[in-house]
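The values are calculated or read from the model by the stated rules, or taken from the named source; none is laboratory data. Computed from a predicted model, the values in this text were never measured in an experiment. Glycine also receives a Cβ, built like all others from the backbone with ideal geometry; neighbour counts cover every protein chain displayed. Only protein heavy atoms, including side chains, enter the accessible area calculation; ligands, DNA and RNA are left aside. Shrake-Rupley method; radii C 1.70, N 1.55, O 1.52, S 1.80 Å.
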Amino acid sequence: MMEVRFADPSRATLLAHVFASILRRGMSDPAAAQAVAGLGRIGVQAAGMKITAEFLGDAVVLSVGGDGWRAWVGGDMSDLLGVCLSGAVIGPWLDGRVKWGGNPFALLKLLKILAAARRAGG
Amino acid sequence: MGEEGVSTDPALLQAATRDYTEVTGTRPDVIVHPGTVEQVQAVVRFAAAGKIPVTPVVASSNVGGLALCSRGGILLNLSRMNRILETREEDMYMVVEPGVQWGQVKEHLERNHPTLRYGYPLAPPDTGVVANALLDGLLNLSLRFDTNAKWLNGVEAVLPSGEIVRTGAAAWTRAQWCTGSPMPDLTGLFINFHGTTGIVTKASLRLQVAKRIRTRFFLMGWDTDAAFALVKALVREEICDDLGVLSWPVAKMLFGEARPVWRDPAEPLVMVYADVSSNRQKEMDLRLEILNEHVDASKARGAAWQGPLDVRDLIRIEPRFRTLSDFPARLDFLLDHPGGGLSWVGTFGPCSRWEEGARASMAVMERRGFPPIMVARPMAGGHFGVLRLIETFDRTRPEEDAAVLALNRELVDLLLPMGFVPYKTPPWVFESHASELDAGFRSLLRTVRTAIDPAGILNPGKWPV
């Protein structure tokens, strides 16, 4: 199983904790974990907070801030949590509640992790 | 009492010298587990004859040293007296023994009397209901129905003489125990006296109407003053069962951070939670609409909010949120850490000074290197509020004990002049602030206690006035 860890555990934001929790459950699905292995740097922005999730071959490293993302997703915390919980992306994107940028195929792979997290009880 | 009722096991006696906090008690000489009122009477009479201290306990999980012996003697563990003696559904009260636990009450009501509910504290299910009531504990319905002591219709207590007294309507021997009125309030002789006036062996407790639909919401905010303003506004709408403001470290601790002292400036400063319940969906919808109106109004005034987030959704994101979804609850994020220490300064005070008190207290905690864990809750329809500052620490390290004690002393020094009065008050508060207690109050308290317990055998060292 791919490890999810913080680059600096003493400096983890609430957004990083939330995302780490979702990733850990999603990564328990080997197929989903395989899909995002080596995905690169993905940014998440919510409510003014910004984190980078760097998908390596055997781990995901979360850090506060960052740039140079391959892709990013952002929105209100409640809207992003809504996407995580429901899997419904199109509606929130069409009405502007969820924004994204960069490589869309990278984000599609990320959706597999969210789906796996939902199946695992998240 | 039999062998099972008495213990002199050195390990148990030693374990009884500590609770979760930095406070240390003395080792009891013996731990006694009475099973009946007659056995309590016998123990108390024996102790009175020999002027032996008696310290009553149930779960021994209270913080602040109140359930620790100050001068050895008998640790009277009432946990075997754990029967729910009667529940009167129509008259909405139950009579319980002192060892009855929160989890037991909840299971009993849900299974046998689902139209009724009790309030529950932020405490583990295996802790005592009566002890909480006698210490004026906080419930998740205390915003509507006041602190737990106000739910008492009366008590039965064994006095230091061995005599039994019944207060409230049950003072009339043929009356039902459904009210404390219209009797003189002698129940008050046992509330907040920290076990120094009698051993309570039964209590009649009010029950409330259960609601079929219940939800809990969390809001994340970036403005502490706006959070307090929102809570105060919601209090006056009378639509919530419970409301609270939690400072930012709480959320991080729920996610497993042991001691968060760093906060990204972009992170939320506070979480506000709101409990809403009803028996009708229409009423529920209206309550939620009013709640959302206030959140929108706060946003319109410039405050940033995220949410309301339904706790059931938060649990799906992080199962550890379950500990904040339903009370009673063991807050493992406060207890399960190296050294297992937990202490706090909890106060009752004016909601008008919440902002000032919270800001100043959290600054002191941060200056001393502690996560600024703050909980504020309005009580009794908003007539007063709780402001509570919490510390986790390693009890095995004396330097951490000392740091917590120094912090707690500074917090009390800071908050008392603002009108925040410590509840479940540790003895050191009286020692360091004795001069601030009204002289007439101290004199009357001494007179009452001396009249009831002339030998001073009951929980000596507590309320040292």
- Task: Please specify each residue of region B:45-76 satisfying the condition of being under 19 Å from B:Val130 (Cα atoms) and among the aliphatic types (A, V, I, L, M).
- Result: B:Val54, B:Val57, B:Val58, B:Ala59, B:Val63, B:Leu66, B:Ala67, B:Leu68, B:Leu75, B:Leu76
- Only one of A:Ala20, A:Ala71 that is within 9 Å of chain B (Cβ to nearest Cβ), within 19 Å of A:Leu108 (Cα to Cα) and touching a residue at least 12 places away in the same chain (Cβ under 8 Å): A:Ala20
- Inter-residue pairs, beta-carbon under 6 Å, first more than 10 Å from chain B (Cβ to nearest Cβ) and in region A:42-60, second assigned to a strand (DSSP E or B) and open to solvent by 60 Å² or more (accessible area, probe 1.4 Å), 6+ apart: A:Gly43/A:Trp72; A:Thr52/A:Arg41; A:Glu54/A:Arg41; A:Ala59/A:Glu3
- Note on the structure: Taking region A:74-93 and the residues there that are surrounded by fewer than 15 Cβ atoms within 10 Å (Cβ to Cβ) and more than 14 Å from every other protein chain (Cβ to nearest Cβ), the one that is farthest from A:Leu56 (Cα to Cα) would be A:Gly91
- How about region B:242-288: which of its residues are more than 10 Å from chain A (Cβ to nearest Cβ), open to solvent by 10 Å² or more (accessible area, probe 1.4 Å) and of a type in the set (Asp, Glu)? B:Asp275, B:Glu283, B:Asp285
- Task: Look at A:Ala7 and say whether it is at negative phi, more than 13 Å from chain B (Cβ to nearest Cβ), over 10 Å from the mean Cα position of the chain (by Cα) and buried (at least 16 other Cβ atoms within 10 Å of the Cβ).
- Result: no
- Query: Being open to solvent by 40 Å² or more (accessible area, probe 1.4 Å), touching a Gly at 6+ places or on another chain (Cβ under 7 Å) and in a helix (DSSP H, G or I), is that true of even one residue in region B:346-361?
  - Reply: yes
- Message: If I filter region B:318-328 for residues that are farther than 21 Å from B:Arg144 by Cα, surrounded by 21 or more Cβ atoms within 10 Å (Cβ to Cβ) and either small (Gly, Ala, Ser) or within 14 Å of chain A (Cβ to nearest Cβ) (or both), do I get at least one hit?
- Response: yes
- Message: Out of the residues in region B:216-234 meeting the condition of being within 23 Å of the chain's Cα centre (by Cα) and open to solvent by 20 Å² or more (accessible area, probe 1.4 Å), tell me which one is nearest to A:Leu14 (Cα to Cα).
- Response: B:Phe217
- Message: Would you confirm whether or not region B:59-77 contains a residue that is more than 23 Å from the chain's Cα centre (by Cα) and over 30 Å from B:Val412 (Cβ atoms)?
- Response: yes
- Restrict the check to region A:34-41 and report whether at least one residue is assigned to a helix (DSSP H, G or I), more than 10 Å from chain B (Cβ to nearest Cβ) and β-branched (Val, Ile, Thr). yes
- Message: Among the residues of region B:301-314, are any at positive phi and surrounded by fewer than 21 Cβ atoms within 10 Å (Cβ to Cβ)?
- Response: yes
- Task: Would you check which residues across region B:329-345 are surrounded by 15 or more Cβ atoms within 10 Å (Cβ to Cβ), of a type outside the set (D, E, K, R) and away from chain A (no Cβ under 14 Å) and list them?
- Result: B:Ala329, B:Leu331, B:Leu334, B:His337, B:Gly340, B:Gly341, B:Leu342, B:Ser343, B:Trp344, B:Val345
- Residues of region B:1-25 being open to solvent by less than 50 Å² (accessible area, probe 1.4 Å) and out of contact with any Lys or Arg (no Cβ under 6 Å at 6 or more places or on another chain), in sequence order, are B:Gly2, B:Gly5, B:Ser7, B:Ala16, B:Asp19, B:Thr21, B:Glu22, B:Val23, B:Gly25
- Message: All but one of (1) within 13 Å of the chain's Cα centre (by Cα); (2) part of a helix (DSSP H, G or I) hold for A:Phe105; state the number of the condition that does not hold.
- Response: (1)
- Quick one: A:Gly96 ticks every box in (1) open to solvent by less than 40 Å² (accessible area, probe 1.4 Å); (2) assigned to a loop (DSSP other than H, G, I, E, B); (3) within 14 Å of another protein chain (Cβ to nearest Cβ) except a single one, so which number is it? (3)
- Query: Restricting attention to region A:46-56, which residues are in contact with a Lys or Arg (Cβ under 9 Å, 6 or more places away or on another chain) and either open to solvent by less than 30 Å² (accessible area, probe 1.4 Å) or modelled with pLDDT under 95 (or both)?
  - Reply: A:Thr52, A:Ala53, A:Phe55
- Task: For region A:107-122, enumerate the residues that are open to solvent by 30 Å² or more (accessible area, probe 1.4 Å) and either of a type in the set (D, E, K, R) or within 11 Å of another protein chain (Cβ to nearest Cβ) (or both).
- Result: A:Lys109, A:Lys112, A:Arg118, A:Arg119, A:Ala120, A:Gly121
- Task: Read through the list (1) buried (at least 19 other Cβ atoms within 10 Å of the Cβ); (2) modelled with pLDDT under 95, then give the number of the only condition that B:Ala175 fails.
- Result: (1)
